[in-house]
1. Would you confirm whether any residue within the range 171-187 is touching a helix residue (DSSP H, G or I) at 6+ places or on another chain (Cβ under 8 Å), in a strand (DSSP E or B) and buried (at least 24 other Cβ atoms within 10 Å of the Cβ)?
2. For the condition exposed (fewer than 14 other Cβ atoms within 10 Å of the Cβ), in contact with a strand residue (DSSP E or B) (Cβ under 8 Å, 6 or more places away or on another chain) and at pLDDT 95 or above, what is the one hit in 318, 312?
3. Please go through the range 277-306 and give me each residue that is more than 27 Å from residue 197 (Cα to Cα) and either surrounded by fewer than 24 Cβ atoms within 10 Å (Cβ to Cβ) or out of contact with any helix residue (DSSP H, G or I) (no Cβ under 7 Å at 6 or more places or on another chain) (or both), ordered by number.
4. Filter the range 150-162 down to the residues that are part of a loop (DSSP other than H, G, I, E, B) and touching a residue at least 60 places away in the same chain (Cβ under 8 Å) and list them by number.
5. For the range 66-82, state whether one or more residues are more than 19 Å from residue 184 (Cα to Cα) and loosely packed, with under 13 Cβ neighbours inside 10 Å.
6. Within the range 230-266, which residues are within 20 Å of residue 340 (Cβ to Cβ) and either buried (at least 21 other Cβ atoms within 10 Å of the Cβ) or not assigned by TED's automatic domain parsing to the domain that holds residue 302 (or both)?
7. Mind checking which residues of the range 1-34 are surrounded by 13 or more Cβ atoms within 10 Å (Cβ to Cβ), more than 29 Å from residue 173 (Cβ to Cβ) and in contact with a helix residue (DSSP H, G or I) (Cβ under 9 Å, 6 or more places away or on another chain)?
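The values are calculated or read from the model by the stated rules, or taken from the named source; none is laboratory data. This structure is a prediction, so every number in the text was calculated from the model and none was measured. When we count neighbours, we look across all protein chains shown, and the Cβ atoms used for this are built from the backbone with ideal geometry, even at glycine.
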(Lines give C-alpha, C1' and ligand atoms only; values in the text may rest on other atoms or scores of the structure.)
Protein backbone atom coordinates (compact mmCIF):
# COMPACT_ATOMS: atom_id res chain seq x y z
CA UNK A 1 0.00 0.00 0.00
CA UNK A 2 1.37 3.41 -0.97
CA UNK A 3 1.98 5.96 1.85
CA UNK A 4 -0.74 8.27 0.57
CA UNK A 5 -3.29 5.47 0.89
CA UNK A 6 -1.86 4.32 4.20
CA UNK A 7 -2.39 7.64 5.95
CA UNK A 8 -5.99 7.83 4.74
CA UNK A 9 -6.91 4.28 5.80
CA UNK A 10 -4.69 3.66 8.86
CA UNK A 11 -6.55 2.96 12.09
CA UNK A 12 -10.01 2.99 10.48
CA UNK A 13 -12.22 0.27 12.04
CA UNK A 14 -14.02 -2.44 10.10
CA UNK A 15 -16.99 -1.11 8.17
CA UNK A 16 -20.29 -1.36 10.05
CA UNK A 17 -23.65 -0.56 8.51
CA UNK A 18 -24.74 2.87 9.67
CA UNK A 19 -21.51 3.48 11.58
CA UNK A 20 -19.17 6.47 10.97
CA UNK A 21 -15.93 5.82 9.08
CA UNK A 22 -13.96 7.29 11.99
CA UNK A 23 -15.97 7.12 15.22
CA UNK A 24 -15.95 10.18 17.43
CA UNK A 25 -13.91 10.54 20.63
CA UNK A 26 -14.83 8.39 23.61
CA UNK A 27 -15.00 10.42 26.82
CA UNK A 28 -14.85 7.97 29.71
CA UNK A 29 -13.02 7.68 33.00
CA UNK A 30 -14.91 4.53 34.02
CA UNK A 31 -16.32 1.61 32.04
CA UNK A 32 -18.56 -1.36 32.82
CA UNK A 33 -16.14 -3.89 34.25
CA UNK A 34 -17.54 -7.19 35.58
CA UNK A 35 -15.37 -10.01 36.84
CA UNK A 36 -11.81 -10.42 35.59
CA UNK A 37 -10.29 -7.02 34.59
CA UNK A 38 -8.15 -8.82 32.00
CA UNK A 39 -11.29 -9.53 29.94
CA UNK A 40 -11.19 -6.05 28.42
CA UNK A 41 -8.53 -3.37 27.80
CA UNK A 42 -11.06 -0.72 28.78
CA UNK A 43 -11.43 -0.81 32.54
CA UNK A 44 -10.33 2.67 33.64
CA UNK A 45 -9.55 5.86 31.73
CA UNK A 46 -5.89 6.01 32.72
CA UNK A 47 -5.28 2.51 31.33
CA UNK A 48 -6.71 2.78 27.84
CA UNK A 49 -9.33 4.38 25.62
CA UNK A 50 -10.87 3.24 22.30
CA UNK A 51 -9.95 6.56 20.68
CA UNK A 52 -6.29 6.04 21.64
CA UNK A 53 -6.41 2.48 20.33
CA UNK A 54 -7.50 3.51 16.83
CA UNK A 55 -4.85 6.21 16.48
CA UNK A 56 -2.15 4.01 18.01
CA UNK A 57 -3.06 1.30 15.48
CA UNK A 58 -2.63 3.88 12.71
CA UNK A 59 0.74 5.04 14.05
CA UNK A 60 1.94 1.45 14.51
CA UNK A 61 1.18 0.79 10.85
CA UNK A 62 3.05 3.91 9.72
CA UNK A 63 6.04 3.45 12.05
CA UNK A 64 6.51 -0.29 11.66
CA UNK A 65 6.29 -1.07 15.38
CA UNK A 66 3.89 -0.79 18.34
CA UNK A 67 3.11 2.87 19.08
CA UNK A 68 2.00 4.60 22.27
CA UNK A 69 0.48 8.05 22.69
CA UNK A 70 1.54 10.74 25.15
CA UNK A 71 0.10 14.18 25.88
CA UNK A 72 3.05 15.98 24.24
CA UNK A 73 6.32 15.35 22.47
CA UNK A 74 8.20 16.14 25.67
CA UNK A 75 6.13 13.59 27.59
CA UNK A 76 7.04 11.00 24.94
CA UNK A 77 10.76 11.81 25.21
CA UNK A 78 10.69 11.74 28.99
CA UNK A 79 8.85 8.40 28.98
CA UNK A 80 11.63 6.69 27.02
CA UNK A 81 14.26 8.04 29.41
CA UNK A 82 12.13 7.30 32.48
CA UNK A 83 11.26 3.75 31.48
CA UNK A 84 14.68 2.74 30.17
CA UNK A 85 17.21 4.42 32.48
CA UNK A 86 18.15 3.95 36.12
CA UNK A 87 20.79 5.64 38.33
CA UNK A 88 24.28 4.77 37.13
CA UNK A 89 23.24 4.44 33.46
CA UNK A 90 24.60 6.71 30.72
CA UNK A 91 22.62 8.62 28.12
CA UNK A 92 24.17 10.25 25.03
CA UNK A 93 22.42 13.35 23.70
CA UNK A 94 23.02 15.78 20.81
CA UNK A 95 24.39 19.06 22.12
CA UNK A 96 22.54 20.83 19.28
CA UNK A 97 19.20 19.03 19.74
CA UNK A 98 15.98 20.35 21.22
CA UNK A 99 16.92 22.65 24.10
CA UNK A 100 14.12 21.63 26.49
CA UNK A 101 15.13 17.97 26.51
CA UNK A 102 18.75 18.94 27.11
CA UNK A 103 17.53 20.98 30.08
CA UNK A 104 15.51 18.04 31.41
CA UNK A 105 18.60 15.84 31.09
CA UNK A 106 20.79 18.24 33.06
CA UNK A 107 18.29 19.23 35.75
CA UNK A 108 16.46 15.93 36.31
CA UNK A 109 18.27 12.95 34.82
CA UNK A 110 21.68 14.14 35.96
CA UNK A 111 20.36 15.01 39.39
CA UNK A 112 19.10 11.45 39.74
CA UNK A 113 22.40 9.74 39.08
CA UNK A 114 22.29 9.31 35.32
CA UNK A 115 25.50 10.19 33.47
CA UNK A 116 24.98 12.51 30.50
CA UNK A 117 27.26 12.86 27.50
CA UNK A 118 26.73 15.46 24.79
CA UNK A 119 27.86 14.96 21.19
CA UNK A 120 27.15 17.20 18.15
CA UNK A 121 24.73 15.67 15.65
CA UNK A 122 27.27 16.08 12.86
CA UNK A 123 29.80 14.00 14.86
CA UNK A 124 27.50 10.99 15.31
CA UNK A 125 28.30 8.16 15.52
CA UNK A 126 31.10 8.76 18.00
CA UNK A 127 32.22 5.29 19.12
CA UNK A 128 34.12 6.67 22.13
CA UNK A 129 31.12 8.67 23.39
CA UNK A 130 28.80 5.73 22.85
CA UNK A 131 30.94 3.26 24.81
CA UNK A 132 28.98 2.00 27.81
CA UNK A 133 25.89 4.09 27.01
CA UNK A 134 22.52 2.54 27.90
CA UNK A 135 20.53 4.97 25.73
CA UNK A 136 21.58 7.07 22.74
CA UNK A 137 19.18 9.78 21.71
CA UNK A 138 19.52 11.57 18.36
CA UNK A 139 17.46 14.17 16.55
CA UNK A 140 17.78 14.15 12.78
CA UNK A 141 17.39 16.66 11.23
CA UNK A 142 18.45 18.53 14.35
CA UNK A 143 16.42 21.44 15.68
CA UNK A 144 17.16 24.21 14.87
CA UNK A 145 20.48 23.66 13.06
CA UNK A 146 19.26 21.13 10.43
CA UNK A 147 22.22 18.76 10.77
CA UNK A 148 21.59 15.13 9.80
CA UNK A 149 23.25 11.93 10.97
CA UNK A 150 23.23 8.42 9.53
CA UNK A 151 20.59 6.55 11.55
CA UNK A 152 21.63 3.08 10.37
CA UNK A 153 25.27 3.68 11.26
CA UNK A 154 24.46 5.18 14.65
CA UNK A 155 22.22 2.17 15.33
CA UNK A 156 25.02 -0.23 14.37
CA UNK A 157 27.59 1.44 16.64
CA UNK A 158 25.09 1.85 19.51
CA UNK A 159 24.07 -1.80 19.44
CA UNK A 160 27.69 -2.90 19.21
CA UNK A 161 28.30 -0.94 22.42
CA UNK A 162 25.30 -2.62 24.10
CA UNK A 163 22.99 0.39 24.03
CA UNK A 164 19.54 1.34 22.73
CA UNK A 165 18.89 4.02 20.12
CA UNK A 166 16.03 6.53 20.22
CA UNK A 167 15.43 8.87 17.28
CA UNK A 168 13.47 12.10 17.47
CA UNK A 169 11.71 11.97 14.09
CA UNK A 170 9.50 15.03 14.59
CA UNK A 171 10.75 17.10 11.67
CA UNK A 172 10.71 14.22 9.18
CA UNK A 173 7.58 12.27 10.28
CA UNK A 174 7.25 8.53 9.50
CA UNK A 175 6.23 9.40 5.92
CA UNK A 176 9.69 10.80 5.27
CA UNK A 177 11.95 8.73 7.49
CA UNK A 178 11.64 5.26 9.04
CA UNK A 179 14.00 5.04 12.05
CA UNK A 180 12.82 1.59 13.17
CA UNK A 181 13.48 0.11 9.73
CA UNK A 182 16.95 1.71 9.84
CA UNK A 183 17.75 -0.06 13.12
CA UNK A 184 16.58 2.34 15.85
CA UNK A 185 14.90 0.89 18.94
CA UNK A 186 12.53 3.82 19.44
CA UNK A 187 11.18 6.57 17.24
CA UNK A 188 9.72 9.61 18.97
CA UNK A 189 7.65 12.48 17.60
CA UNK A 190 5.85 15.58 18.72
CA UNK A 191 2.56 15.10 16.88
CA UNK A 192 1.88 18.77 17.61
CA UNK A 193 4.01 19.53 14.54
CA UNK A 194 3.59 18.16 10.99
CA UNK A 195 1.79 14.97 12.04
CA UNK A 196 -1.32 17.02 12.84
CA UNK A 197 -0.27 20.23 11.12
CA UNK A 198 -2.86 22.76 12.28
CA UNK A 199 -1.25 24.16 15.42
CA UNK A 200 -4.31 23.39 17.53
CA UNK A 201 -3.28 20.54 19.83
CA UNK A 202 -0.45 19.06 21.90
CA UNK A 203 0.35 15.39 21.43
CA UNK A 204 3.29 13.02 21.09
CA UNK A 205 4.04 9.37 20.45
CA UNK A 206 6.71 6.70 20.75
CA UNK A 207 6.98 3.63 18.55
CA UNK A 208 9.22 0.72 19.57
CA UNK A 209 10.89 -2.02 17.54
CA UNK A 210 10.59 -4.50 20.40
CA UNK A 211 7.23 -5.47 21.94
CA UNK A 212 8.84 -5.82 25.38
CA UNK A 213 10.07 -2.23 25.27
CA UNK A 214 6.60 -1.10 24.19
CA UNK A 215 5.10 -2.93 27.18
CA UNK A 216 7.51 -1.17 29.56
CA UNK A 217 6.53 2.17 28.08
CA UNK A 218 2.85 1.32 28.43
CA UNK A 219 3.34 0.45 32.12
CA UNK A 220 5.27 3.69 32.61
CA UNK A 221 2.47 5.71 31.00
CA UNK A 222 -0.24 4.01 33.06
CA UNK A 223 1.57 4.42 36.36
CA UNK A 224 2.72 8.00 35.84
CA UNK A 225 -0.57 9.13 34.29
CA UNK A 226 1.10 10.65 31.22
CA UNK A 227 -2.02 10.19 29.10
CA UNK A 228 -3.51 12.11 26.20
CA UNK A 229 -7.04 13.51 26.08
CA UNK A 230 -9.46 11.71 23.73
CA UNK A 231 -10.46 14.91 21.94
CA UNK A 232 -6.84 15.72 21.03
CA UNK A 233 -6.28 12.15 19.87
CA UNK A 234 -9.41 12.16 17.70
CA UNK A 235 -8.38 15.48 16.13
CA UNK A 236 -4.95 13.99 15.40
CA UNK A 237 -6.47 10.94 13.73
CA UNK A 238 -8.82 13.16 11.73
CA UNK A 239 -5.78 15.15 10.51
CA UNK A 240 -3.78 12.08 9.50
CA UNK A 241 -5.36 11.51 6.04
CA UNK A 242 -4.01 14.86 4.79
CA UNK A 243 -0.47 14.28 6.08
CA UNK A 244 1.03 13.37 2.71
CA UNK A 245 -0.74 16.25 0.94
CA UNK A 246 0.39 18.74 3.57
CA UNK A 247 3.92 17.41 3.85
CA UNK A 248 4.54 17.33 0.10
CA UNK A 249 3.38 20.95 -0.26
CA UNK A 250 5.35 22.14 2.77
CA UNK A 251 8.54 20.40 1.67
CA UNK A 252 8.24 21.64 -1.92
CA UNK A 253 7.79 25.16 -0.55
CA UNK A 254 10.72 24.74 1.83
CA UNK A 255 12.96 23.62 -1.04
CA UNK A 256 12.01 26.64 -3.16
CA UNK A 257 12.47 29.03 -0.24
CA UNK A 258 15.87 27.55 0.65
CA UNK A 259 17.07 27.86 -2.96
CA UNK A 260 15.87 31.47 -3.09
CA UNK A 261 17.49 32.39 0.22
CA UNK A 262 20.78 30.78 -0.80
CA UNK A 263 21.02 33.23 -3.70
CA UNK A 264 20.43 36.39 -1.61
CA UNK A 265 23.33 38.61 -0.56
CA UNK A 266 21.51 39.62 2.64
CA UNK A 267 21.52 36.01 3.80
CA UNK A 268 24.79 34.85 5.37
CA UNK A 269 24.04 31.12 5.57
CA UNK A 270 21.20 28.72 4.75
CA UNK A 271 20.76 25.19 6.13
CA UNK A 272 18.32 22.84 4.45
CA UNK A 273 19.04 19.15 3.76
CA UNK A 274 17.48 19.46 0.29
CA UNK A 275 20.15 21.86 -0.96
CA UNK A 276 22.75 19.98 -2.99
CA UNK A 277 25.65 21.78 -1.34
CA UNK A 278 24.29 21.37 2.20
CA UNK A 279 26.66 19.35 4.44
CA UNK A 280 23.79 16.98 5.29
CA UNK A 281 22.45 16.46 1.78
CA UNK A 282 24.04 13.12 0.92
CA UNK A 283 23.00 11.40 4.15
CA UNK A 284 19.53 12.95 4.01
CA UNK A 285 19.09 11.78 0.43
CA UNK A 286 19.78 8.19 1.50
CA UNK A 287 17.37 8.02 4.42
CA UNK A 288 14.66 10.64 3.82
CA UNK A 289 11.77 10.64 1.37
CA UNK A 290 11.15 14.37 1.92
CA UNK A 291 13.68 16.89 3.25
CA UNK A 292 11.25 18.46 5.72
CA UNK A 293 9.43 21.78 6.08
CA UNK A 294 12.07 23.60 8.17
CA UNK A 295 14.67 25.98 6.73
CA UNK A 296 17.24 27.74 8.93
CA UNK A 297 19.07 30.86 7.78
CA UNK A 298 21.16 33.65 9.23
CA UNK A 299 20.84 37.40 8.73
CA UNK A 300 23.57 39.77 9.81
CA UNK A 301 22.30 40.56 13.32
CA UNK A 302 19.33 40.69 15.66
CA UNK A 303 18.01 43.95 14.25
CA UNK A 304 18.05 42.60 10.69
CA UNK A 305 16.20 39.44 11.73
CA UNK A 306 13.57 41.38 13.65
CA UNK A 307 13.10 43.84 10.77
CA UNK A 308 12.68 40.96 8.32
CA UNK A 309 10.04 39.27 10.48
CA UNK A 310 8.17 42.53 11.05
CA UNK A 311 8.15 43.35 7.32
CA UNK A 312 6.79 39.99 6.17
CA UNK A 313 3.05 39.78 5.56
CA UNK A 314 2.74 36.02 5.03
CA UNK A 315 5.09 34.72 7.72
CA UNK A 316 3.52 34.40 11.15
CA UNK A 317 6.05 35.06 13.90
CA UNK A 318 5.61 32.19 16.33
CA UNK A 319 7.39 29.20 17.76
CA UNK A 320 6.89 25.54 16.76
CA UNK A 321 6.87 24.27 13.16
CA UNK A 322 5.25 21.85 10.74
CA UNK A 323 1.93 23.62 10.31
CA UNK A 324 -0.11 24.67 7.28
CA UNK A 325 0.75 28.32 8.00
CA UNK A 326 4.28 29.53 7.26
CA UNK A 327 5.90 30.58 10.53
CA UNK A 328 9.32 31.81 11.60
CA UNK A 329 11.13 33.17 14.60
CA UNK A 330 14.46 34.60 15.64
CA UNK A 331 15.44 31.51 17.52
CA UNK A 332 18.08 33.13 19.75
CA UNK A 333 15.33 35.01 21.62
CA UNK A 334 14.84 31.85 23.71
CA UNK A 335 18.51 31.29 24.58
CA UNK A 336 20.05 27.87 25.07
CA UNK A 337 21.24 27.23 21.49
CA UNK A 338 24.71 28.02 20.12
CA UNK A 339 23.40 30.15 17.26
CA UNK A 340 23.82 33.69 15.96
CA UNK A 341 21.53 36.55 17.03
CA UNK A 342 20.32 36.80 13.43
CA UNK A 343 19.45 33.08 13.15
CA UNK A 344 15.91 32.44 11.86
CA UNK A 345 14.08 29.12 11.87
CA UNK A 346 11.38 29.14 9.20
CA UNK A 347 8.70 26.50 8.77
CA UNK A 348 7.20 26.48 5.28
CA UNK A 349 3.43 26.16 5.20
CA UNK A 350 0.97 25.30 2.44
CA UNK A 351 0.53 28.74 0.87
CA UNK A 352 1.30 29.29 -2.82
CA UNK A 353 5.08 29.26 -3.11
CA UNK A 354 5.21 32.22 -5.50
CA UNK A 355 3.43 34.36 -2.91
CA UNK A 356 5.81 33.18 -0.18
CA UNK A 357 8.97 33.86 -2.20
CA UNK A 358 7.70 37.31 -3.23
CA UNK A 359 6.90 38.13 0.39
CA UNK A 360 10.33 36.95 1.58
CA UNK A 361 12.01 38.95 -1.19
CA UNK A 362 10.18 42.09 -0.17
CA UNK A 363 10.91 41.57 3.54
CA UNK A 364 14.61 41.02 2.81
CA UNK A 365 14.71 44.28 0.84
CA UNK A 366 13.84 46.20 4.05
CA UNK A 367 17.13 45.21 5.71
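1. For the range 171-187, residues touching a helix residue (DSSP H, G or I) at 6+ places or on another chain (Cβ under 8 Å), in a strand (DSSP E or B) and buried (at least 24 other Cβ atoms within 10 Å of the Cβ): present.
2. Details: 312 fails: exposed (fewer than 14 other Cβ atoms within 10 Å of the Cβ).
Within the list 318, 312, the selection yields 318.
3. The first filter runs over the range 277-306 and keeps only residues more than 27 Å from residue 197 (Cα to Cα), leaving 277, 279, 282, 299-304.
Result: 277, 279, 282, 300, 301, 302, 303, 304.
4. Step one: filter the range 150-162 for residues part of a loop (DSSP other than H, G, I, E, B), giving 150, 161-162.
Once the filter is applied, which keeps residues that are part of a loop (DSSP other than H, G, I, E, B) and touching a residue at least 60 places away in the same chain (Cβ under 8 Å), the range 150-162 yields only 150.
5. Among the residues of the range 66-82, not one is more than 19 Å from residue 184 (Cα to Cα) and loosely packed, with under 13 Cβ neighbours inside 10 Å, which makes the answer no.
6. 257, 258, 261
7. Going through the range 1-34, the residues surrounded by 13 or more Cβ atoms within 10 Å (Cβ to Cβ) turn out to be 3-4, 6-13, 22-23, 25-26, 28, 31.
With the extra rule that they be more than 29 Å from residue 173 (Cβ to Cβ), the set shrinks to 28, 31.
Result: 28, single match.
Condition check ((1) in contact (Cβ under 8 Å) with a residue 24 or more places away in the chain; (2) closer than 15 Å to residue 67 by Cβ) across all residues:
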residue	(1), (2)
183	yes, no
186	yes, yes
215	no, yes
220	yes, yes
227	yes, yes
230	yes, no
